[in-house]
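Only the coordinates and a few stated rules stand behind these numbers; no lab work does. All figures in this text were calculated on a predicted structure; none of them were measured in a lab. Cβ placement follows ideal geometry from the backbone for every residue including glycine, while neighbour counts extend to all protein chains displayed.
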Amino acid sequence: MSNTPAVTTPPAFDVARIRADFPILGLTVAGKPLVYLDNAASSQMPQPVIDRLVRYQTTEHANIHRAVHYLSETATTAYEAARARLQRFINAREAREVIFTSGTTEGINLVMHGWGRKNINAGDEIILTVLEHHSNIVPWQMLATEKGAILRVVPINDAGELLVDEYEALFNERTRLVSVGHVSNALGSINPVKQMIAFAHARGVPVLVDGAQAAPHLAVDVQDLDCDFYAFSGHKMCGPTGIGILYGRAALLEAMQPFKGGGDMIHTVTFEKTTYNTIPNKFEAGTPPIAAAIGLGAAVDYLCGIGMPAIAAHEHELLRYATEHLSALPGVHLIGTAQDKAAVLSFAVQGIHPHDVGTLLNQEGVAVRTGHHCAQPLMARLGVVATSRASFAFYNTLADVDALVAGIRSVQKVFA
Amino acid sequence: MSADPKALYQEVILDHNRKPRNYGELDHPSHHAEGVNPLCGDHIHVALDLAGDTIKRIAFHGESCAICKASASMMTVAVKGKSAIEAKTLIHEFVDMATGRIAAKDGPHIGRLAVFSGISELPMRVKCAILPWHTLQAAFNAEPSASTEAEADPMHAPLGDA
C-alpha cells in the first residue's frame, strides 16, 4: 500500500491483510485482476465465514428447536448464539427482537403482512421516499391497493438528499407508518433517519428503516435510532445469501400477526385452533436457513473484529478519493452528491449507455452494476433510465479506484 | 472465458451507433411496434410500410445501448426492400445466431450481421441485440409491444410463426 500521506488509511486498518481473508478477490477476470465494485448488490465472503459454514455442515448440522439429540442441540445452540451476536451488532434490547428472515425484502414484507394489514385501513397514509429500492415500495403498494390506503413520497433535491421540510409537511392525522431507507442503494445518500424517526414518533407514527445498505457500512444502533423496525440482509455484509434480519420492538412484534404458518411458529395445534409461539419463533415458520444464520453470525464477528468505525473511515476515504478522481474525468458526470454519503458512486459517461460501460469495464476486470438499481421511480426523478454504479466495501483499495478510472478512460477510447 | 467484448464493439457497430441508419419516425406506417427490455431500459420503436409484400420504408427510434441501436440500424438496412417473408426468415436466423443456436456461417442470409455473432458469448447482452428483431416481429404480428422478458422472451420461448 502507498505511504503517501494523502492516500493512507488509519494505521490500524491493514487493507492488504484484510484482502488476504477474501479468496475470491484473488481471481482474474478477462485476464486482469478482479476489481470488485458491486458491493451494494452483494459483498464477498471472508475465509472465517466460509470456514464456519464448512464446520457447521461437517460437524454440527441437524434441525433446530426439535430433537433432544446431540446434533440438534449443537445446531440450536449455534443458531441462537448467532441471533445473540446480531442482537449485539445492532444493540437491540433483547435477542427475541431479532428475527431471522430470508433478507431485507422478506423483512419488509413481514411487517407489511404482520403489522400493516392489521393497522392500515382505507384512507390511511404511508410515507415513503423517492430514494427507495423497489422492495420498500412494492409491498406498500400491494397493501395500499388491498386496503385503499395512500402512499406519500418524500422528494429529494438534485444532489439526492431528502427534503426534510417536505417530509414533515406530509404528516397529517391519517399518517400511519413511515418506511424509509437508511442509505440509498442507487446514490449512497445517508438519510437523516434519527431525526425523521423523532419527528414521526412525536406524532405517534412508527417507522421502519430499510437498513440493507447501512448495516454493512455504519455502526447501527437501533436503540439510539429509536426505530420500530430495522431490516437488513446478510449477503451485503460478508454473510451468505438467503438470510437477513428484521429487528422489531418486542411490544410491536408481540401484537403482530404471524406472516407464515407452519412448524416452529406454533405453540399448540388442533384442527379447531392454533396458538402461536412467542417471538421470535412466531415469525420463523418452517426450518430456517440454519447454516446461513450461523454464517451471518460469523460475518458479524468478522466485521466487529475489524470494527465498524474503522470500516466506515476506510470507506469514507475511498469515497473521497473516488469522487475526486471520477469528477476530474472529462465526460463523466456523478449522479448523487449528497453531503452525507456512503461509498456508492453512480455515474454517467457522456454518450455511452451504462450497459456498454459495464460490458467494457468487465473487460478490464472491473465489476460495476449498470441499470436502474431496482429504483425506477428514482431514475425517473433523475431523468435517466439507468446509471453505472461503483459501490465499495472495506476490502477495496485506492488502487481499485485507479483501475476504475483507467477502465472508464478505456471505455471512452473505444467510443471515441 | 467470455469472448473479448472489444471484438464485438468493432468499427461497424460503433459506426451504426454513432450514425444510425433509418433513424426516426414514419408518418402513418402500416406496421408499428414498441420494444422494451425492462431489465436494462432499452426501449425502441420500429415502424414500417408494406407495399404489397415489400418493405417499402422502415424506421426506428428510441433509447438504448450501442449494441441495441447498432442492431436496429443494421436490421433496417438489411430488411428494407425485402419481402415480409424474407425479413421473417432473417429474424429467425439472427435470433438463432445471437443466442448461439447456429453459427453465423450457417445463416445463409446473415451477411454483414455476422458482426453480432460474438454476442452469444455475453449472455447478459444477448437481449440488447435481439430486441429490435423481436420488435420487428411484433410489428409484423400487429402486436403493439414486444418485450425481452417472460413468455415474450425468445431466450425462453420460440418466436411466433414467421
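The Rg/Rh ratio of region B:5-152, with both radii computed over alpha carbons and Rh defined as the Kirkwood radius, is 0.93. Give me the tail of P(r) for region A:207-262 as a percent: Cα-Cα pairs with distance above 13 Å. For region A:207-262, the share of Cα pairs beyond 13 Å comes to 64 percent.
For chain B, what does the helix formula give at 222 nm: sum of -39500 (n - 2.57) over DSSP H segments with n ≥ 4, over the residue count, nearest 500 deg cm²/dmol? The helix-only estimate for chain B comes to -10500 deg cm²/dmol at 222 nm. Only helices enter this figure: runs of n ≥ 4 DSSP H residues, each worth -39500 (n - 2.57), summed and divided by the residues of chain A, yield -11000 deg cm²/dmol at 222 nm to the nearest 500.
Other residues within the sphere of radius under 13 Å centred on the Cβ of A:Val164, judged by their own Cβ, net out at -4 (K and R +1, D and E -1).
Membrane-span-like helices in chain A, defined purely by DSSP H runs whose alpha carbon atoms cover 15 Å or more axially and whose average Kyte-Doolittle hydropathy reaches -0.5, are A:70-90, A:290-306, A:308-327, A:398-415. Across the options A:Ala322, A:Leu360, A:Gln195, the greatest Cα extent toward the positive end of the charge dipole of chain A (unit charges at beta carbon of Lys, Arg, Asp, Glu) belongs to A:Leu360. Just going by the charge dipole of region A:50-305, with Lys and Arg at +1 and Asp and Glu at -1 on Cβ, which of A:Thr104, A:Leu303, A:Phe283 is farthest out on the positive end? The residue sitting most towards the positive pole is A:Phe283. Need one number: the % of Cα-Cα pairs in the protein assembly as shown sitting beyond the 40 Å mark. Of all Cα-Cα pairs in the protein assembly as shown, 36 percent lie more than 40 Å apart. For region B:95-135, applying the loop criterion from DSSP together with a ceiling of 13 other beta carbons within 10 Å to the trypsin sites (Lys or Arg not before Pro) yields B:Arg101. Looking at chain A, the DSSP beta bridges with both ends there are about 60 percent antiparallel. For a straight C-alpha distance cut-off of 29 angstrom, the lysines reachable from A:Lys236 (same-chain residues fewer than eight places away being disregarded) are A:Lys32, A:Lys194, A:Lys260, A:Lys282, A:Lys341, B:Lys127. Residues A:His333, A:His113, arranged from fewest to most other Cβ atoms within 10 angstrom of their Cβ, appear as A:His333, A:His113. Computed over the Cα atoms of region A:278-346, the ratio of the radius of gyration to the Kirkwood radius (Rg/Rh) comes to 1.23.
For region A:34-135, the set of GluC sites (Glu not before Pro) satisfying both a DSSP loop assignment and a count of at most 13 other C-beta atoms within 10 Å is given as A:Glu94.
Overall form of region A:66-114: oblate. Here a/c, set by the Cα gyration tensor axes a ≥ b ≥ c, is 1.5 or more, and a/b is not larger than b/c. Using Cβ point charges alone (K and R +1, D and E -1), the dipole size of region B:5-152 about the Cα centre works out to roughly 500 debye.
Just so you know, the Rg over Rh for region A:142-265 is 0.97, from Cα atoms, with Rh as the Kirkwood radius. For the protein assembly as shown, taking a cut-off of 4.7 Å between Cβ atoms, the unpaired cysteines are A:Cys227, A:Cys238, A:Cys304, A:Cys374, B:Cys40, B:Cys65. Each residue of region A:219-235 was assigned a 3J(HN,Hα) from its phi angle through the Karplus expression (A = 6.51, B = -1.76, C = 1.60, θ = phi - 60°), giving 6, 9, 10, 5, 6, 5, 5, 6, 6, 8, 9, 9, 10, 8, 10, x, 6 Hz with x at Gly and Pro. Computed from backbone phi, the HN-Hα couplings of region B:74-80 come to 5, 5, 4, 5, 5, 9, 4 Hz, rounded to whole numbers (Karplus: 6.51 cos²θ - 1.76 cosθ + 1.60, θ = phi - 60°; Gly and Pro given as x). Magnitude of the charge dipole for the protein assembly as shown, about its Cα centre and with charges confined to Cβ atoms of Lys, Arg (+1) and Asp, Glu (-1), is about 420 debye.
Residues considered: A:Ala84, A:Ala12, A:Ala212. Largest GNM mean-square fluctuation over chain A, using C-alpha springs under 10 Å, is found at A:Ala12.
For region A:50-305, the equivalent ellipsoid built from the Cα gyration tensor has semi-axes of 32, 22, 14 Å, listed from largest to smallest. When you restrict to C-alpha pairs under 8 Å that are six or more residues apart and normalise by the size of chain A, the relative contact order lands at 23 percent. Restricting the trypsin sites (Lys or Arg not before Pro) of region A:266-349 to loop positions (DSSP other than H, G, I, E, B) with no more than 11 neighbouring Cβ atoms within 10 Å leaves A:Lys273.
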